[in-house]
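Q: Encoded as structure tokens, here's the structure I'll be asking about.
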Amino acid sequence: SNVSYIIQRMNLLSTTLELSGLLLFMHGREQIERSPCRALILCSMAIGLFMPLAILAKENGLLLCVFALLTEAFCFPHTNLKWWRNWKLLFLWAPLAAFLVYCIIVYHGFTTGFGTRNFNAWERMLTQGPVLVDYLGKLLLPRLQGSGLYFDNFPVSRSLINPLNTLFAWALLLSLFALCW
């Protein structure tokens, strides 16, 4: 990357570790029928080593579990090996469940902290639609003028119709998601 912002380096390191872990997981998963012991070691190293390192780089390193589950569901044939189901439960589902429990426990912390801002958690969520559409627009049609990395003057969305672009943005994002699906 030619960007030296600290947050960008965190993203790059976490992504590199997630991709490395996913590649190792896939390599191990390919060997599950031929060499189950080797497959177990490789997959355990992929998640047990690369996921904590990716999380230490940036919290979204936990997504390695999600990517491994999606890869397992869409790229590999279903296997009836009981030990493999137990491994997935322990290495892939348990960290996600622990994260969900953590989110439930600290939910109040997510919804508070807006006292000094002129918006609440719901309005912040609504505003993310127009922000994402703006980012997509900048990716598809780059322009030299305009906002840089630190642009934070997006109008706060108070409802789906205030400002009007909120409804359009969320409809566009849902349409794109449906199209991808």
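The values are calculated or read from the model by the stated rules, or taken from the named source; none is laboratory data. For clarity, every value in this text was computed on a predicted model and none was experimentally measured. Using ideal geometry, Cβ is built from the backbone for each residue, glycine included, and neighbour counts are taken over all protein chains shown. All accessible areas refer to the heavy atoms of the entire protein, side chains included, with ligands and DNA or RNA removed. Shrake-Rupley method; radii C 1.70, N 1.55, O 1.52, S 1.80 Å.
Q: Name the residues in region 42-90 that are of a type outside the set (Gly, Ala, Ser) and touching a Gly at 6+ places or on another chain (Cβ under 7 Å), would you?
A: Selection gives 42, 43, 47, 50, 51, 55, 64.
Q: Given the conditions (1) surrounded by 10 or more Cβ atoms within 10 Å (Cβ to Cβ); (2) modelled with pLDDT of 85 or more, report the number of the one that residue 135 does not fulfil.
A: Of (1) surrounded by 10 or more Cβ atoms within 10 Å (Cβ to Cβ); (2) modelled with pLDDT of 85 or more, only one is false for residue 135: (2).
Q: Tell me whether region 38-58 contains one or more residues that are open to solvent by 60 Å² or more (accessible area, probe 1.4 Å), among the charged types (D, E, K, R) and farther than 18 Å from residue 100 by Cα.
A: Yes: one or more hits.
Q: Show the residue pairs that are 6+ apart or on different chains and have beta-carbon atoms under 9 Å apart, the first residue being within region 108-125 and modelled with pLDDT under 75, the second being assigned to a loop (DSSP other than H, G, I, E, B).
A: Taking only residues 6 or more apart or on different chains, the pairs are 111/120; 114/120.
Q: Under 6 Å between Cβ atoms, which residue pairs at least 6 apart in sequence (or on different chains) link something in region 27-51 that is modelled with pLDDT under 95 with a partner that is open to solvent by 70 Å² or more (accessible area, probe 1.4 Å)?
A: Partner pairs satisfying both residue conditions: 31/38.
Q: Right, next: Those residues that are more than 24 Å from the chain's Cα centre (by Cα) and not in a helix (DSSP H, G or I), I need them from region 76-90; list them, please.
A: Of everything in region 76-90, those that are more than 24 Å from the chain's Cα centre (by Cα) and not in a helix (DSSP H, G or I) turn out to be 77, 78, 79, 80, 81.
Q: Going by the conditions given, is residue 71 open to solvent by 70 Å² or more (accessible area, probe 1.4 Å) and not acidic (Asp, Glu)?
A: no
Q: I'd like to check something: does region 10-33 contain any residue that is out of contact with any Lys or Arg (no Cβ under 8 Å at 6 or more places or on another chain), of a type in the set (Gly, Ala, Ser) and surrounded by fewer than 16 Cβ atoms within 10 Å (Cβ to Cβ)?
A: No, there is no match, as no residue in region 10-33 is out of contact with any Lys or Arg (no Cβ under 8 Å at 6 or more places or on another chain), of a type in the set (Gly, Ala, Ser) and surrounded by fewer than 16 Cβ atoms within 10 Å (Cβ to Cβ).
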